[in-house]
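S.K.: Okay, handing you the structure first.
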Amino acid sequence: MTLRHVRGAVFTGPGERLAIEKLILDAPGRGEVLVRMLASGVCRSDLHVVDGEWERPAGVVLGHEGAGVVEALGEDVQGLAVGQLVVLAWIAPCTRCSLCVRGESWLCTDPRGAGHRLTADLVRLRRGDGTAMGVYSGIGTFGSAQVVAAEAAVPVDPRMPPRIAALIGCAVTTGVGAVVNTAHVKPGGSVVVIGAGGVGLSAIMAARMTGADPLIAVDSVPAKLALSLQAGATDALLVGDAAKVIAGLHGGGADHVLEAIGMAGTIESAIDWTRRGGTTTLIGMTPQRERAALDVYPFVEAGQRLLGSNYGSAVPARDFPLICSWYLEGRLPLDLLVTETIALEEVDAALGAMRRRDGARRVIIHTDP
Ligand SMILES: NC(=O)c1ccc[n+]([C@@H]2O[C@H](COP(=O)([O-])OP(=O)(O)OC[C@H]3O[C@@H](n4cnc5c(N)ncnc54)[C@H](O)[C@@H]3O)[C@@H](O)[C@H]2O)c1
Ligand SMILES: [Zn+2]
Ligand SMILES: [Zn+2]
């Protein structure tokens, strides 16, 4: 196979603009596939990296929410074929560790792509001068193609529009999975979702599908509240107005409160707004080492529960196709998430818009270099 040229948006250090670079990709090895990227969403987790809130190595093609087409297979790859539409998973389960074996692959202790390389000593992507280039979470979806572990590439229904399939790689699975897999929201349950971005809106859609009522969205931006109502919220409140309304619910709070921002203040509100015996589910990720306070006495006395939800407690091979089928059946209005499609060169502008809390998802549509 001839060497493949790739265009990628490279993280060069906190506070720096992503650098659009022309790179070289080798052929896939054993257990790997080469994926031509079609679309990639820009997630707040990318922004955490760019803003230096999470420590990540410089010299990686960023992006962890994408979909593409299988272009070539390495040896020993089962269940994938050239030409298939795949959604990429930012945790490629090893399938062998004790947590994978228990079916909890979102907690895999040895995922492929850890350290932002396929394996510690293996690199398929490099600069023209031969220096190795990292691949964020092993998938680097801000690259026009990547070699990924076969476990990271999940085939989905070819009727899926690529821009929507891309979002299933992170925001949608995270939000939908938090409701369905982590929190186990029941029909008729009262639900509050704090933060109506890509993840929060996905949680709202899933809670609506599940039959939550009331379903209250909370955000600081009026346009997000309008989107929340379109996504299926019964009520949408500015953050300053929420406490009073939620305290009036049966039991003094909601059965479920899900936090989808990642700020200590709203995490503390999420716990306060949960009813006696209810469940708070934390989805939002704070800057590293940030702490939130818990008023222990009333929390314990009220028999409350506090859960963390990583990747929507999802098993990609099971949940990506399932979520696609819900979309194709019209049960999840995921089109609402796409504020704008953009070119790779516009990725910094998309990150800037996210900082300003402007819009839901911006989705890069890749073109070959
Ligand atoms: N747990 C996981 O596996 C996982 C996966 C993906 C993303 N995340 C995290 O989830 C969070 C949300 O990601 P996203 O991509 O949806 O982000 P986003 O920027 O699209 O959405 C955040 C929303 O919060 C709102 N907001 C911000 N500050 C607020 C405040 N003080 N009060 C009220 N509303 C406020 C914004 O208006 C926006 O609607 C991030 O922290 C991200 O890192 C976690
Ligand atoms: Zn993400
Ligand atoms: Zn594992």
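S.K.: Please list, in order along segment 38-46, the HN-Hα scalar couplings obtained from phi with the Karplus expression 6.51 cos²θ - 1.76 cosθ + 1.60 (θ = phi - 60°), rounded to whole Hz, x for Gly and Pro.
M.R.: Listing the rounded values in order: 9, 8, 8, x, 9, 10, 4, 5, 5 Hz.
S.K.: Per the 1.4 Å probe, what fraction of the accessible area of segment 172-311, in percent, lies on carbon and sulfur atoms?
M.R.: 57 percent
S.K.: Across every pair of different alpha-carbon atoms, what Kirkwood hydrodynamic radius in Å does the chain reach?
M.R.: Numbers: mean 1/r = 0.0485 Å⁻¹.
Evaluated over the chain, this radius sits at 20.6 Å.
S.K.: Right, here's the next one. Compute the signed sum of charges (Lys and Arg +1, Asp and Glu -1) over the other residues within less than 13 Å, Cβ to Cβ, of residue 283.
M.R.: Values: positive: 44; negative: 259.
Surrounding charge for residue 283 is 0.
S.K.: For residue 299 paired with residue 16, estimate the spin-label separation in nm (one decimal), with each label point 7 Å from Cα along the Cα-to-Cβ line.
M.R.: Label at residue 299, label at residue 16, 3.9 nm between them.
S.K.: Apply the a/c threshold of 1.5 to the C-alpha gyration tensor of segment 175-217 and tell me whether it is rounded, prolate or oblate. Before the final figure, lay out each step's value.
M.R.: Details: a/c = 1.92, a/b = 1.24, b/c = 1.54.
Taking the square roots of the gyration eigenvalues as a ≥ b ≥ c, segment 175-217 is oblate.
S.K.: Calculated FRET efficiency, residue 235 and residue 96, Cβ-Cβ r, R0 51 Å, to nearest 0.05? Walk me through the intermediate numbers first.
M.R.: Details: r = 46 Å, r/R0 = 0.90.
Efficiency, from the Cβ-Cβ distance: 0.65.
S.K.: A follow-up question, please. Testing the spin-label approximation: label points 7 Å from Cα along Cα→Cβ at residue 221 and residue 51. State their distance in nm.
M.R.: For residue 221 paired with residue 51, the spin-label model returns 1.2 nm.
S.K.: Could you give the nm distance between label points at residue 110 and residue 78, where each point is 7 Å from its Cα heading toward the beta carbon?
M.R.: Going by the 7 Å Cα→Cβ label model, 1.8 nm.
S.K.: Something else now. Give me the dipole magnitude in Debye, nearest 20, for segment 1-108 about the Cα centre, with unit charges on the beta carbon: positive for Lys and Arg, negative for Asp and Glu. Mind dumping the intermediate values first?
M.R.: Values: 10 positive and 13 negative charges, 33 e Å.
Computed charge dipole of segment 1-108: roughly 160 debye.
S.K.: With the other protein chains left in place, how much accessible area per residue, in square angstrom, belongs to the chain at a 1.4 angstrom probe?
M.R.: On a per-residue basis, the chain sits at 40 Å².
S.K.: Sticking with this one: Would you tell me the accessible area of residue 90, worked out with a 1.4 angstrom probe on the heavy atoms of the protein chains, in Å² to the nearest 10?
M.R.: About 60 Å², rounded to the nearest 10.
S.K.: For segment 34-138, report the % of Cα-Cα distances exceeding 22 Å.
M.R.: Details: 2105 of 5460 pairs.
Result for the distance tail: 39 percent.
S.K.: What share of all Cα pairs of segment 172-311, in percent, falls into each consecutive 5 Å distance bin?
M.R.: 2, 12, 23, 26, 22, 11, 3, 0
S.K.: Further question on the same structure: State the answer as a single residue: which of 38, 214, 128 lies farthest towards the positive end of the charge dipole of the chain, with beta carbon charges of +1 for Lys and Arg and -1 for Asp and Glu, about the Cα centre.
M.R.: Checking the options against the dipole of the chain, the answer is 38.
S.K.: Taking segment 1-86, how much of its Cα-Cα pair set, in percent, is spaced more than 19 angstrom apart? Spell out each step's value before the answer.
M.R.: Numbers: 1763 of 3655 pairs.
It works out to 48 percent of all Cα pairs.
S.K.: Sticking with this structure for a sec: Please state the charge dipole magnitude for the chain, taken about the Cα centre, from unit charges on C-beta atoms (+1 on K and R, -1 on D and E), reported in debye and rounded to the nearest 20.
M.R.: Values: 33 positive and 38 negative charges, 44 e Å.
For the chain, the charge dipole is close to 220 debye.
S.K.: Moving on. In whole angstrom, and with the biggest value first, how far do the Cα coordinates of segment 91-202 range along each principal axis?
M.R.: For segment 91-202, the Cα extents along the three principal axes come out at 59, 34, 29 Å.
The values are calculated or read from the model by the stated rules, or taken from the named source; none is laboratory data. Computed from a prediction, not measured in an experiment: that's the story for all the values here. Please note: Cβ atoms are built from the backbone with ideal geometry, for glycine as well, and neighbour counts cover all protein chains shown. Keep in mind that these areas ignore ligands, DNA and RNA; they rest on the heavy atoms of the full protein, side chains included. Shrake-Rupley method; radii C 1.70, N 1.55, O 1.52, S 1.80 Å.
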